[in-house]
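Just so it is clear, none of the values below were taken in a lab; they were calculated from the coordinates. Computed from a predicted model, the values in this text were never measured in an experiment. Virtual Cβ from ideal backbone geometry, glycine too; neighbours counted across all protein chains shown.
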Amino acid sequence: MSAALAFLDKHLGFMVRVQEKERNRAILVLAVTFFGVIGFSNFFGVFIDTSELRCLPERVYIGYPKLHEPRIGDIVSFVSTEREALGIFRGHRLAKIVMAQGGDRVVSDERGVFINGKFIADRSPVSLQKLKERKLDPININRVLQPGELFLMGTLPRSFDSRYWGVVPDRLVERYVLAVI
């Protein structure tokens, strides 16, 4: 017996020796598991944030398909283009919380962020300094968002988000995100 056949007999020989009913059940379990993993990875994704400077406190997230239009409080995920994030994170997947959408009045300037007249957050001096080092200026906003526009933010003080780079079209949102740990 060749070494390969001996290996197969030793590790998979049980498949030959078991009854046909048990073998069929094992094959069915393997097939369901295989196709289940393929299906999960096509519709869901596990994301691990290893960034030193994070926008959200959690490190592990599960992404799932966009099933409805984004709403206030949803954590959404999109791939940044040249326009979003001032081009700094072009091609990178970003996850942020929807803070404002079409119909909301947003003011974002040197005084901080105000949504519908309510103070939300300051701009971070560290983030402003990093922009200055790149010879970039934050985008100021003082208007009512149009339908299809989202104002996205993180919860951590140094989050680099819409308070620096403006609104994101909701058509860029590919997934919703659930923070795990």
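DSSP loop GluC sites (Glu not before Pro) in the range 77-114 with at most 10 other Cβ atoms within 10 Å of their Cβ, which ones? Before the final figure, lay out the partial values.
Values: sites: Glu82, Glu84, Glu110; in loops: Glu82, Glu110.
Hits after loop and neighbour filter: Glu82, Glu110.
Let me have the 222 nm mean residue ellipticity of the chain computed from DSSP H runs of 4+ only, each contributing -39500 (n - 2.57), with the sum over all residues rounded to the nearest 500.
Rounded to the nearest 500, the figure is -9000 deg cm²/dmol.
What does the charge count around Leu94 come to, taking other residues whose C-beta lies under 13 Å from its C-beta (Lys +1, Arg +1, Asp -1, Glu -1)? Please list the in-between numbers first.
Details: positive: Arg54, Arg83, Arg90, Arg93, Lys96, Arg175; negative: Asp49, Glu84, Asp161, Glu174.
Around Leu94, the surrounding residues sum to +2.
Can you tally the net charge around Arg143? Count Lys and Arg as +1, Asp and Glu as -1, for every other residue whose Cβ sits under 11 Å from the Cβ of Arg143.
Values: positive: Arg105; negative: Asp104, Glu149.
Local charge sum for Arg143: -1.
Scanning the chain for helices, which whole DSSP H stretches are 30 Å or more long along the axis (Cα) and average -0.5 or more by Kyte-Doolittle? Walk me through the intermediate numbers first.
Working: long enough: 20-43 (34 Å, 0.62).
Taking the DSSP H segments of the chain (at least 30 Å long, mean hydropathy at least -0.5), we get 20-43.
If you stretched the chain out fully between Tyr64 and Leu156, how much longer would it get, using 0.36 nm times the residue separation minus the C-alpha to C-alpha distance? Write out the running numbers ahead of the final one.
On the way: separation 92, 0.36 × 92 = 33.12 nm, distance 2.30 nm.
Extending this stretch completely gives an extra 30.8 nm.
Looking at the square roots a ≥ b ≥ c of the eigenvalues of the Cα gyration tensor of the range 125-181, which shape do they give, rounded for a/c under 1.5, prolate if a/b is larger than b/c, or oblate? Please report the intermediate quantities before stating the final value.
Working: a/c = 2.31, a/b = 1.24, b/c = 1.86.
Judged from the Cα gyration tensor, the range 125-181 comes out oblate (a/c at least 1.5, b/c at or above a/b).
Could you calculate the FRET efficiency of Arg105 with Lys132 from 1/(1 + (r/R0)^6), where r is the beta carbon distance between them and R0 is 22 Å, rounded to 0.05? Mind dumping the intermediate values first?
Details: r = 28 Å, r/R0 = 1.27.
With a Förster radius of 22 Å, E is 0.20.
Just one of (1) 19.6, 60; (2) 15.9, 46; (3) 24.0, 80 is Rg and Dmax of the Cα atoms in Å as worked out from the coordinates here. Which one is it?
(3)
Among Ile72, Ile88, Ile27, whose mean-square fluctuation peaks in a Gaussian network model of the chain (Cα, cutoff 10 Å)?
Among Ile72, Ile88, Ile27, the largest GNM mean-square fluctuation belongs to Ile27.
Report the net charge of residues surrounding Arg111, where surrounding means a beta-carbon distance below 12 angstrom and charges are Lys +1, Arg +1, Asp -1, Glu -1. Please report the intermediate quantities before stating the final value.
On the way: positive: Arg123, Arg163; negative: Asp109, Glu110, Asp122.
Charge balance in the 12 Å sphere: -1.
Determine the dipole magnitude for the chain: charges of +1 sit on the beta-carbon of Lys and Arg, -1 on that of Asp and Glu, nothing else is charged, the reference point is the Cα centre, and the result goes in debye to the nearest 20. Don't jump to the answer; show the numbers that get you there.
Details: 26 positive and 20 negative charges, 32 e Å.
Here the size comes out at about 160 debye.
Once you place label points 7 Å from the Cα toward the Cβ at Glu52 and Ala26, how far apart are they in nm?
Using points 7 Å along Cα→Cβ, the separation is 5.1 nm.
Counting only C-alpha contacts under 8 Å and six or more residues apart, can you give the relative contact order of the chain as a whole percent?
Numbers: 308 pairs, mean separation 46.5, N = 181.
Normalised by residue count, the contact order of the chain is 26 percent.
Residue-wise, which Karplus ³J(HN,Hα) couplings in Hz belong to the range 78-94, taking 6.51 cos²θ - 1.76 cosθ + 1.60, θ = phi - 60°, and x for glycine or proline?
8, 9, 5, 9, 5, 7, 6, 6, 6, x, 5, 10, 3, x, 8, 7, 10
Amide H neighbours of Ala100 under 5 Å, counting only residues 5+ apart in sequence or on other chains, H built in-plane at 1.01 Å?
Here Phe151 satisfy the definition.
With the chain treated as a Gaussian network of Cα nodes joined by springs under 10 Å, which of Phe89, Phe78, Phe34 yields the largest mean-square fluctuation?
Phe34
Can you work out the Karplus-derived ³J(HN,Hα) for every residue in the range 168-176? Use 6.51 cos²θ - 1.76 cosθ + 1.60 with θ = phi - 60°, whole Hz, and x for glycine or proline.
Once θ is set to phi - 60°, the couplings for the range 168-176 become 10, x, 5, 5, 6, 5, 9, 9, 9 Hz.
GNM on the chain, C-alpha springs below 10 Å: top fluctuator among Leu56, Leu156, Leu30?
Comparing Leu56, Leu156, Leu30 in the GNM, the peak value goes to Leu30.
What do you get for trypsin sites (Lys or Arg not before Pro) in the range 128-168 restricted to DSSP loop and a cutoff of at most 16 other Cβ within 10 Å of the site's Cβ?
Filter output for the range 128-168: Arg134, Lys135, Arg158.
What lysines could a cross-link reach from Lys132, if we take a straight Cα to Cα line under 29 Å and drop same-chain neighbours fewer than 8 places away?
Hits, sequence-local ones excluded: Lys96, Lys118.
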